[in-house]
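As structure tokens, the structure follows; a few thoughts come after it.
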Amino acid sequence: MRMNRSCKYAVFLTIFCGVLGFVYYAWQQRWIIVTIPAGLVTKPCTNCTKKRAQIFYFCNKWEHENIEILWSENEAQTAQQLIQAVLLLLSENASTKKIAVEQVLTSANNQQLLVFFDKSPLPKNVSIRAKLMIIESFLKTLRENGIKAPFIYFLVHNQPLPDAHLDFSLAWPIQDFVEN
Amino acid sequence: MSLKNLAFILLLFCFVVRAKKFTIILSPEGDSANPGRSLPDGFECGFTRQYAELLKEALEQDETIRAIMSHEVGEQVSQYEKASFANRLEADLYISINFYSSEKPSLSIYYYTSSLFEPPADSSRLELFSTTKAYALCDKQTKKMAQYWQLLNSYQAQLYINGPIPLPVKQLEGIAIPAFVLELGAQKITDVYRYVQPVSEILKKNAHEQKL
């Protein structure tokens, strides 16, 4: 009887360790991604004022719309709202899937802005030029609305935005690089 | 060494110098493991391979040009292998061929840069020369060659021409010779024929100018 009980414990422990090991491996291999619900991490907007912002997007030619957003003293919070507005306009015009900006952070020296998406905003089958114009829509909107950080990193799940053509392991300049 | 031997060596040297052909590496994007973008008439890899074969044939009609494929059908090579091959071969030009679905005939040209894309490095620190900076070894030559693509403007009535645009494109990462990405719009596999004449013409002109 005693032997049976220890045997049961051993089997239970083996299964438990196996499951734990599998979950750890799946987490390491990014089969399981743990994210905190957006509502829990969103800080209340401090010193916010409603302001009009110009949102730019490319649809055969440059178009823009004026919308009201909550302007914060925190540049990252404002940038998050601006990029989310661009995504909304792009999805309305191209009827693509909804993509959310999970978080925007500024680097310690305020030189870089880190933009975290929940999935890639770049469709797989389009041309490099079309992808470039989506990225330029974000950059132009940030630039025209006075965001000062000169470089932007685009990320998905804490990794550089995955794309077959454009390299997002580099920081993209907020200035008009197409003109340059 | 007798005068006769010296004359023979000089003659041989002149012959070797004259015989050195302008080498172009053609890299059709996509392979069996990664077929690339989907087009109405198949996958990108089929279009790029077909076009690369046609372009190679058109280029090699000129005896001063040698066109080499970066990889054969069925072979799977990474970008770093392609870059290593191009750099070790010391070819004169590298062309990455890409296709996407487009009703309009269009040709876009890109070349590599990361100068605008990286925050200024701290000069007090020693750094390794990364693959994203390999292009800098031939930056002047690439920019000079980029001007030849302007000659495509004579095809504006038939093709929508875009570029050349400097961008950090993955297809050119790590390549230390002049290199360009060509992105062509097509629907059917037969559409690849319309790009053979304009591109081969530019590459031939480029080759002759570089040899002068």
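Values computed for the structure shown
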{"quantity": "Rounded Å value of the spacing that divides the Cα centres of the range B:146-212 and the range B:65-93", "calculated": "18"}
{"quantity": "Mean separation of Cα contacts under 8 Å, 6 or more apart, over the residue count of the range B:30-108: relative contact order %", "calculated": "36"}
{"quantity": "Local electrostatic count at A:Lys124 - Lys and Arg +1, Asp and Glu -1, tallied over other residues with Cβ under 13 Å", "calculated": "+2"}
{"quantity": "Within-13-Å neighbourhood charge of A:Glu92 [Cβ basis; K, R +1; D, E -1]", "calculated": "0"}
{"quantity": "FRET efficiency for B:Gln61 and B:Leu137, using Cβ-Cβ distance with R0 set to 35 Å, rounded to 0.05", "calculated": "0.65"}
{"quantity": "Cβ-based charge dipole, the protein assembly as shown, positive-most Cα from B:Pro178, B:Gln61, A:Val34", "calculated": "A:Val34"}
{"quantity": "Summed residue charge, Cβ within 14 Å of B:Gly74's Cβ, Lys/Arg positive, Asp/Glu negative", "calculated": "-2"}
{"quantity": "Long-range Cα-Cα pairs in the protein assembly as shown (distance over 39 Å), rounded percent", "calculated": "32"}
{"quantity": "Student exercise, the protein assembly as shown dipole from Lys, Arg, Asp, Glu Cβ charges, in Debye to nearest 20", "calculated": "680"}
{"quantity": "Rel. contact order, % - alpha carbon contacts under 8 angstrom, at least six apart, chain A", "calculated": "16"}
{"quantity": "P(r) tail fraction, chain A - alpha-carbon pairs more than 31 Å apart, %", "calculated": "29"}
{"quantity": "Nearest-20 debye value, the range A:38-173 charge dipole, Cβ charges on Lys, Arg, Asp, Glu", "calculated": "120"}
{"quantity": "Overall Cα dimensions of the range B:124-212 - principal axes, largest extent first, Å", "calculated": "52, 35, 17"}
{"quantity": "Chain A: angle of helix A:75-94 to the longest principal axis, Cα-based, in degrees nearest 10", "calculated": "80"}
{"quantity": "Folded to 0 to 90 degrees: helix A:128-144 orientation relative to chain A principal axis, Cα", "calculated": "70"}
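Bear in mind that the values in this text are calculations on the coordinates, not laboratory data. As the structure is a computational prediction, the values presented were derived from the model and not from experiment. A quick note on method: Cβ atoms are made from the backbone with ideal geometry, for glycine too, and the neighbour counts reach across all protein chains shown.
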